[in-house]
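The values are calculated or read from the model by the stated rules, or taken from the named source; none is laboratory data. Keep in mind that what you see is a predicted model, and the values were worked out from it rather than measured. Cβ coordinates were reconstructed from backbone atoms using ideal geometry, including for glycine residues, and neighbour counts include every protein chain displayed. To get the accessible areas, we keep the full protein, side chains included, count just its heavy atoms, and leave off ligands, DNA and RNA. Shrake-Rupley method; radii C 1.70, N 1.55, O 1.52, S 1.80 Å.
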Amino acid sequence: MLKARLEHDSVYGCCLATSERVESGEVVVEELPFAYGPKRDSGIVCLGCYRYLQFGEDGDSLDRCELCDWPICSNCVDDAADHRGECEVFAAARVTFAGNVSEDGVCPQLDCITPLRVLLAKEAQPERWLNEVAPMEHHELERRENADVWHADRVNIAQYLRGPCKLADRFSEELIMQVVGVLEVNAFEARTSQGYPLRCLFPYTGILAHNCVPNTARTIHPSEGYKIRLRAMVALEEGQQLQHSYTYTLDGTAQRQAHLREGKYFVCSCERCLDASELQTHFSSLKCGQCTEGWLLPKQPTVVDSSWSCRSCDYSTSAEDVRQIVDALQAEVNAVQALDMGPKRLEEAERLLRKYKSLLHPSHYIATSLRQLLIEMYGRVQGYEMVQLTDQLLERKAILCRDVLRVLNIFEPGLSRARAMNLYELHVPLVLLAKSGFIANKLSGGELRGQLVDAIDLLKECVEILQHEDQNSQEGILCSVARQALQQLTISVEGLGSELD
């Protein structure tokens, strides 16, 4: 750890706080994973690079390790350091990979890989295990309540490792189930340099306190052995608790609470969750059906079955009625998201956004998700490519970006990856509108320069945020593109300034 210290909180238990004042963008925690491997409930993946592999119905495939017969792609067959530990276990026990996949594409046999890697790391690094990993929360009692999942883990992981894999003399069932819980509660998703998902266990970063308005952002670097760097999103005072969001910040309170209850086994009581208006954004508010000005908000936002009431009239409704409405709207959005990337998908998203004006607050998370979808399509979809967009559609994209940024500025202030992506999206229509306005004699040279400087400021902030990303990641690549655009635009503005002088 760099600028953080361990503390005990009466609510969160063991957590991290700043050991000194920290400026926005400074690294507060940096660590290598204790272990990493395939995500839970994955399909068949290479145990070296984690890319998806195709196996026949009878398990036939050439993508197998020559020593243990488990899945390894041709690119990794001669150099799969990640796979070496379990390879020795499987080869010694002579357990082969069956290649069976369920109807939903899950390969249960691979669920044992990451827990086994943690167990092998425990043997290799006993002191780190004892001091850093063993104390991590694993919520055994709560996990036991989900009898089906507990039984599946016990059979597919604990009993499989102790039985066919012949590890009973090394690892107890209790220890294996503890490791399964530690991973389920604390592991972070990461991506390889090629974009394939996996999960990593970071002992210190994993005990961060949760907040639905986080003050830290993480970057994971596959080129450095999946090292994680935790940075302050905003300036933090000495002794301030470090907080991360373990759920999607652009979900509504009910959806975030459900995710945290089911996956992390706690109820969040942060300021945002306790405020029915979600910090005055009305991110979950519905339009009242009984009056023209009112909004329906939950009376007790963190209570699952709380009734909802209008703040302008006496109308109230049940949580179940609200759930039915939201579920129906979300199903429509999901159907649009499932469409192929094309003009129909864009036009359907616009249609739903117009339709929901009479049902949802303008900033509702469902409306916000549609705006984000539209931002990504304007300029990229056939018939709506950037050079084809009229000034009206360019302005439309700019408005969508500003609407989403207005929400992100509250929920993810400072160095937010999502903010950076939208800042980049916003700069493009601003530049094109400025240039077309100048050509049409609607803008003077000075006004053109001013609007281009505004776009430069957006790109500068975008680069400032994304410069910390792994250069091979999607965000790292965007940072490079944004930096190039910034350089070109700066040269243009400097040349324009010379002409105006």
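Collect the residues in region 136-158 that are of a type in the set (Gly, Ala, Ser) and in contact with a Phe, Trp or Tyr (Cβ under 9 Å, 6 or more places away or on another chain), keeping them in residue-number order. The answer is 158, and nothing else.
Rundown of residues vs (1) more than 27 Å from residue 8 (Cα to Cα); (2) touching a residue at least 40 places away in the same chain (Cβ under 8 Å), yes/no style:
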| residue | (1), (2) |
| --- | --- |
| 209 | no, yes |
| 222 | yes, yes |
| 231 | no, yes |
| 242 | no, yes |
| 247 | no, no |
| 259 | no, no |
| 287 | yes, yes |
| 292 | yes, no |
| 307 | yes, no |
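The residues on offer are 140, 127, and the sole one that is modelled with pLDDT of 90 or more, under 29 Å from the mean Cα position of the chain (by Cα), open to solvent by 60 Å² or more (accessible area, probe 1.4 Å) and within 24 Å of residue 34 (Cβ to Cβ) is 140. Of the helices (runs of 4 or more DSSP H) lying entirely inside region 356-465, those carrying at least 2 residues that are more than 20 Å from the chain's Cα centre (by Cα) and modelled with pLDDT under 95 are 417-439. Quick check: anything in region 293-300 among the small types (Gly, Ala, Ser), open to solvent by less than 10 Å² (accessible area, probe 1.4 Å) and more than 23 Å from residue 187 (Cα to Cα)? Yes, because at least one residue in region 293-300 is among the small types (Gly, Ala, Ser), open to solvent by less than 10 Å² (accessible area, probe 1.4 Å) and more than 23 Å from residue 187 (Cα to Cα). Per this entry, residue 115 is not counted among residues that are in contact (Cβ under 8 Å) with a residue 12 or more places away in the chain, open to solvent by 50 Å² or more (accessible area, probe 1.4 Å) and either within 25 Å of residue 190 (Cβ to Cβ) or not acidic (Asp, Glu) (or both).
Restricted to region 393-421, and to residues that are charged (D, E, K, R) and in contact (Cβ under 8 Å) with a residue 40 or more places away in the chain, which residue is nearest to residue 368 (Cα to Cα)? So, considering only residues that are charged (D, E, K, R) and in contact (Cβ under 8 Å) with a residue 40 or more places away in the chain, the one nearest to residue 368 (Cα to Cα) is 403.
Considering each residue of region 472-479 in turn, at least one proves to be in contact (Cβ under 8 Å) with a residue 12 or more places away in the chain, among the hydrophobic types (A, V, I, L, M, F, W, C) and buried (at least 16 other Cβ atoms within 10 Å of the Cβ). Output the number of the condition that residue 322 fails; it satisfies all remaining conditions of (1) open to solvent by less than 20 Å² (accessible area, probe 1.4 Å); (2) at pLDDT below 95; (3) β-branched (Val, Ile, Thr). Every condition holds for residue 322 apart from (2).
Taking residues in region 79-105 that are within 22 Å of residue 125 (Cβ to Cβ) and in a helix (DSSP H, G or I), and partners anywhere that are small (Gly, Ala, Ser) and open to solvent by less than 30 Å² (accessible area, probe 1.4 Å), the pairs with Cβ atoms closer than 6 Å and at least 6 places apart or on different chains are 82/48; 83/48.
Consider region 1-23 and keep the residues that are open to solvent by less than 60 Å² (accessible area, probe 1.4 Å) and not in a strand (DSSP E or B). The one that is farthest from residue 106 (Cα to Cα) is 19. Just so you know, in region 466-501 the residues that are in a helix (DSSP H, G or I) and charged (D, E, K, R) include one that is modelled with the lowest pLDDT, and it is 499. Residue 309 passes every criterion in (1) under 27 Å from the mean Cα position of the chain (by Cα); (2) surrounded by 14 or more Cβ atoms within 10 Å (Cβ to Cβ); (3) not in a helix (DSSP H, G or I) apart from (1). The number of residues in region 25-57 being part of a strand (DSSP E or B) and more than 19 Å from residue 5 (Cα to Cα) comes to 5.
Filtering region 482-501 to residues that are touching a residue at least 40 places away in the same chain (Cβ under 8 Å) and either touching a strand residue (DSSP E or B) at 6+ places or on another chain (Cβ under 7 Å) or of a type in the set (A, V, I, L, M, F, W, C) (or both) leaves 482, 485, 489, 493, 496, 500. The conditions of being surrounded by 12 or more Cβ atoms within 10 Å (Cβ to Cβ), touching an Asp or Glu at 6+ places or on another chain (Cβ under 9 Å), without any contact (Cβ under 8 Å) to a residue 60 or more places away in the chain and outside any helix (DSSP H, G or I) are met by residue 339.
So which of 248, 226 is under 29 Å from residue 262 (Cβ atoms) and either charged (D, E, K, R) or surrounded by fewer than 18 Cβ atoms within 10 Å (Cβ to Cβ) (or both)? The unique qualifying residue is 248. Taking the conditions (1) part of a loop (DSSP other than H, G, I, E, B); (2) modelled with pLDDT of 95 or more; (3) touching a strand residue (DSSP E or B) at 6+ places or on another chain (Cβ under 9 Å) in turn, residue 249 satisfies each one other than (3). Within the bounds of region 396-406, is there any residue that is touching a Gly at 6+ places or on another chain (Cβ under 9 Å) and under 20 Å from residue 436 (Cβ atoms)? The answer is yes, given that some residue of region 396-406 is touching a Gly at 6+ places or on another chain (Cβ under 9 Å) and under 20 Å from residue 436 (Cβ atoms).
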